[in-house]
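Notes for the one structure printed next.
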Amino acid sequence: MNKRLQRGVALLAAAVLLLLGCAGCAKDTDLDRVRVCEVTHSIFYAPQYAAIALGFFEEEGIQIELSNGQGADAVMAAVLSGNIDIGFAGPEASIYVYNEGKEDYTQVFAQITRRDGSFLVGREPDDDFTWDKVKGKVVLPGRKGGVPYMALEYVLRHNGVDPFADTTLDNSVQFSMMTAAFTGGTGDYVTAFEPTASMLQQEGKGYIVASVGAAAGDIPYTAYFAKKSYIEENSDLVQRFTNAVYKGQQWVATHTAAEVAEVVADSFPDTSLELLTRSVESYRSIDAWNTDPVMSEESFNRLQSVMTEAGELTQIADYGKVVNNTFAQEAMQ
């Protein structure tokens with residue numbers, strides 16, 4: 001097990017089992033319980049929360065038990081240990097596990113987001129921001145080896161900034177503590193997901209200056225995965241789960257930002273409808289969401305190119321092994 005997964009195991013007891021609440025859980029005990037662990041809690045995953053709130057999982061006979069892993073390494077550790085049935089995180093985690101040669105590796109079966117969902121937040125408003133402005137500055141980018149970190153590196157390189165020579169990417173701060181560290185005075189910039197980024201701006205504690213996703217382009221960013229053995233033994237359940245996900249994707253794609261915000265509001269009880277609506281608009285403006293759960297080979301290979309550029313990948317993983325589009329394609333029928 002590599003260092004990322006070892007760290008994940010250590011984080012597992014403290015983070016993975018912190019349930020966000022059995023959102024959307026039905027009282028009907030005949031429903032199949034599925035334990036899902038998400039990498040973080042963000043409006044970035046609106047299709048998932050919409051599917052829960054609108055009863056799409058219940059329609060498919062599924063009761064969702066949702067927890068927050070606070071990082072892809074912890075999510076993967078939970079899946080591999082059997083404490084979680086389905087992980088929801090970056091596909092890079094499944095690539096790492098497959099390349100380690102694990103027999104019961106994880107397969108990605110449904111993609112939700114197609115772009116980086118983080119926004120670069122600075123200490124001052126900057127309507128004329130260009131990426132060269134991070135030269136000589138300290139940026140809090142998240143965990144090294146994770147897609148947020150690698151996507152930021154990719155953007156910097158393609159905008160003439162050497163991530164190691166021209167700026168300081170301080171990855172010593174845990175993902176869950178980055179915003180607190182930034183507001184406490186650490187760093188010049190921080191990457192943050194919505195609604196946190198807009199909340200910082202609303203409170204005057206930081207200002208959104210750029211979208212990492214808009215600058216990086218299409219990358220398969222967040223997807224559902226499970227151990228190959230779980231998928232094989234529960235193929236009907238995985239199909240019904242994917243059906244519900246697809247319904248959520250289609251609903252979000254065909255409704256206004258205000259309607260989406262209102263439907264998912266129960267998943268964000270401490271965030272105003274106004275802020276949620278603004279966050280949905282931010283993600284829609286960068287075309288962040290897939291409208292179906294299929295992960296293309298082209299986008300999968302682009303992710304591996306980003307990982308290779310970041311020095312995190314030395315062996316290209318087999319798309320046909322890591323990605324299983326069977327359920328996504330059936331859902332679209």
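Looking at (1) of a type in the set (D, E, K, R); (2) touching a helix residue (DSSP H, G or I) at 6+ places or on another chain (Cβ under 8 Å); (3) at pLDDT 95 or above; (4) buried (at least 16 other Cβ atoms within 10 Å of the Cβ), which is the only condition residue 133 fails?
Only one criterion is unmet by residue 133, namely (2).
Within segment 84-107, can one find any residue that is of a type in the set (Lys, Arg) and either touching a residue at least 60 places away in the same chain (Cβ under 8 Å) or in contact with a strand residue (DSSP E or B) (Cβ under 6 Å, 6 or more places away or on another chain) (or both)?
To start, the set of residues in segment 84-107 that are of a type in the set (Lys, Arg) comprises 102.
When the remaining residues are screened for being either touching a residue at least 60 places away in the same chain (Cβ under 8 Å) or in contact with a strand residue (DSSP E or B) (Cβ under 6 Å, 6 or more places away or on another chain) (or both), the result is none.
So far as segment 84-107 goes, no, none of its residues is of a type in the set (Lys, Arg) and either touching a residue at least 60 places away in the same chain (Cβ under 8 Å) or in contact with a strand residue (DSSP E or B) (Cβ under 6 Å, 6 or more places away or on another chain) (or both).
Failed condition for residue 76, given (1) in contact (Cβ under 8 Å) with a residue 12 or more places away in the chain; (2) on the phi > 0 side of the Ramachandran plot, with all others met?
Only one criterion in (1) in contact (Cβ under 8 Å) with a residue 12 or more places away in the chain; (2) on the phi > 0 side of the Ramachandran plot is unmet by residue 76, namely (2).
Return yes when residue 285 is loosely packed, with under 15 Cβ neighbours inside 10 Å, assigned by TED's automatic domain parsing to the domain that holds residue 85, over 28 Å from residue 150 (Cβ atoms) and not hydrophobic (A, V, I, L, M, F, W, C) and no when it is not. Steps first, please.
Numbers: loosely packed, with under 15 Cβ neighbours inside 10 Å: yes; assigned by TED's automatic domain parsing to the domain that holds residue 85: yes; over 28 Å from residue 150 (Cβ atoms): no; not hydrophobic (A, V, I, L, M, F, W, C): yes.
So residue 285 does not fit the description; no.
Determine, yes or no, whether residue 279 is surrounded by 18 or more Cβ atoms within 10 Å (Cβ to Cβ), assigned to a helix (DSSP H, G or I) and within 17 Å of the chain's Cα centre (by Cα).
Numbers: surrounded by 18 or more Cβ atoms within 10 Å (Cβ to Cβ): yes; assigned to a helix (DSSP H, G or I): yes; within 17 Å of the chain's Cα centre (by Cα): yes.
It is true that residue 279 is surrounded by 18 or more Cβ atoms within 10 Å (Cβ to Cβ), assigned to a helix (DSSP H, G or I) and within 17 Å of the chain's Cα centre (by Cα).
I'm checking my understanding of the structure. Among residues of segment 26-54 that are of a type in the set (A, V, I, L, M) and within 19 Å of residue 254 (Cα to Cα), which one is surrounded by the most Cβ atoms within 10 Å (Cβ to Cβ)? Walk me through it before giving the result.
Filtering segment 26-54 down to residues of a type in the set (A, V, I, L, M) leaves 26, 31, 34, 36, 39, 43, 46, 50-54.
Going one step further and asking which of them are within 19 Å of residue 254 (Cα to Cα), we end up with 43, 46, 50-54.
Details: 43: 26, 46: 29, 50: 22, 51: 31, 52: 25, 53: 19, 54: 17.
Residue satisfying both the conditions and the ranking: 51.
For segment 216-225: of the residues being at pLDDT 95 or above and out of contact with any Ser or Thr (no Cβ under 6 Å at 6 or more places or on another chain), which is nearest to residue 157 (Cα to Cα)?
The selected residue is 223.
Residues are listed down the side, and each one gets a yes or a no for (1) part of a helix (DSSP H, G or I); (2) in contact (Cβ under 8 Å) with a residue 24 or more places away in the chain; (3) basic (Lys, Arg); (4) closer than 30 Å to residue 80 by Cα:
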site: 210; (1), (2), (3), (4): no, yes, no, no
site: 214; (1), (2), (3), (4): yes, yes, no, no
site: 220; (1), (2), (3), (4): no, yes, no, yes
site: 229; (1), (2), (3), (4): yes, yes, no, yes
site: 236; (1), (2), (3), (4): yes, no, no, yes
site: 239; (1), (2), (3), (4): yes, yes, no, yes
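Condition check ((1) closer than 30 Å to residue 31 by Cα; (2) surrounded by 18 or more Cβ atoms within 10 Å (Cβ to Cβ); (3) in contact (Cβ under 8 Å) with a residue 24 or more places away in the chain) across all residues:
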| position | (1), (2), (3) |
| --- | --- |
| 148 | no, yes, yes |
| 167 | no, yes, yes |
| 175 | no, yes, yes |
| 181 | no, no, yes |
| 187 | no, yes, yes |
| 191 | no, yes, yes |
| 197 | no, yes, yes |
| 226 | yes, yes, yes |
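With the requirement that a residue be farther than 17 Å from residue 108 by Cβ and surrounded by 17 or more Cβ atoms within 10 Å (Cβ to Cβ), what does segment 288-325 give you?
288, 310, 312
Just checking, how many residues over segment 213-224 are closer than 20 Å to residue 161 by Cα and buried (at least 22 other Cβ atoms within 10 Å of the Cβ)?
To start, the set of residues in segment 213-224 that are closer than 20 Å to residue 161 by Cα comprises 213-217.
Filter again for buried (at least 22 other Cβ atoms within 10 Å of the Cβ), leaving 213, 216.
Looking only at that region, the number is 2.
For residues in segment 153-177 being farther than 12 Å from residue 309 by Cβ and assigned to a helix (DSSP H, G or I), which is farthest from the chain's Cα centre (by Cα)?
Only one residue fits best here, namely 177.
Restricting attention to segment 69-103, which residues are part of a strand (DSSP E or B) and under 11 Å from the mean Cα position of the chain (by Cα)? Reasoning before the result, please.
Step one: filter segment 69-103 for residues part of a strand (DSSP E or B), giving 86-89.
Correct list: 87, 88, 89.
From the list 57, 88, which residue is buried (at least 24 other Cβ atoms within 10 Å of the Cβ) and touching an Asp or Glu at 6+ places or on another chain (Cβ under 6 Å)?
On the way: 57 fails: touching an Asp or Glu at 6+ places or on another chain (Cβ under 6 Å).
Of the residues listed, the single one that is buried (at least 24 other Cβ atoms within 10 Å of the Cβ) and touching an Asp or Glu at 6+ places or on another chain (Cβ under 6 Å) is 88.
The values are calculated or read from the model by the stated rules, or taken from the named source; none is laboratory data. All values derive from a computational prediction rather than experimental measurement. Cβ: placed from backbone, ideal geometry, glycine included. Neighbour counts: every protein chain shown.
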